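The block underneath contains the structure these notes are about, expressed in structure tokens.
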């Protein structure tokens, strides 16, 4: 993992302000890290498939989604741990944990990418709505979230992140 000390971060910010570009960074073993804004989702999928980092079962899209989910969950756990927050147990912050749905005849569950108190988070490549079975399942879970936050890559457009509030129940 690459971390910048305060002075390096400040100098990097100054370079960005002056030139509009980020300076290159290197990992401890000398690997240069770059951001390529032209490296779209199609190119990422192709690059990862070609490198053997994706193992498609049903489709390339599913394989890319699984890859992103795995990386996201690992990074979330690391970040929470750095802050001293337990995200693995039954507390208010959870990463990739079952949220049971006990209201039906069979016990089922949904697994949001993350949960903080009564808000579920789903990182996805596809647009989701209240009509999407996964989102409905989050609202049906015993957790009873107040909202579901959908997070999509910013390259998709202006509405890449949005909140779906809990629907009002009819009385």
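Can you confirm whether residue 96 is assigned by TED's automatic domain parsing to the domain that holds residue 113, touching a helix residue (DSSP H, G or I) at 6+ places or on another chain (Cβ under 7 Å) and under 17 Å from residue 143 (Cβ atoms)? Answer is yes for this residue.
Which residue out of 136, 166 is in contact with a strand residue (DSSP E or B) (Cβ under 8 Å, 6 or more places away or on another chain) and at pLDDT 90 or above?
Numbers: 136 fails: in contact with a strand residue (DSSP E or B) (Cβ under 8 Å, 6 or more places away or on another chain).
On inspection, the qualifying residue turns out to be 166.
Here residue 127 fulfils each of the conditions (1) at pLDDT below 90; (2) over 24 Å from residue 61 (Cα atoms) apart from (2). Within the bounds of the stretch 21-40, is there any residue that is under 26 Å from residue 132 (Cα atoms), modelled with pLDDT under 60 and not in a strand (DSSP E or B)? For the stretch 21-40, residues under 26 Å from residue 132 (Cα atoms), modelled with pLDDT under 60 and not in a strand (DSSP E or B): present.
Identify the residue in the stretch 127-155 that is touching a residue at least 40 places away in the same chain (Cβ under 8 Å) and within 23 Å of residue 75 (Cα to Cα) and, among all such residues, is surrounded by the fewest Cβ atoms within 10 Å (Cβ to Cβ). So that I can check it myself, show each step before the final result.
Residues of the stretch 127-155 that are touching a residue at least 40 places away in the same chain (Cβ under 8 Å), as a first pass: 141-143, 153, 155.
When the remaining residues are screened for being within 23 Å of residue 75 (Cα to Cα), the result is 153, 155.
Working: 153: 15, 155: 12.
Among those that are touching a residue at least 40 places away in the same chain (Cβ under 8 Å) and within 23 Å of residue 75 (Cα to Cα), it is 155.
The values are calculated or read from the model by the stated rules, or taken from the named source; none is laboratory data. Fair warning: this is a prediction, and the values are worked out from it, not measured in the lab. We place every Cβ from the backbone using ideal geometry, glycine too, and count neighbours over all the protein chains shown.
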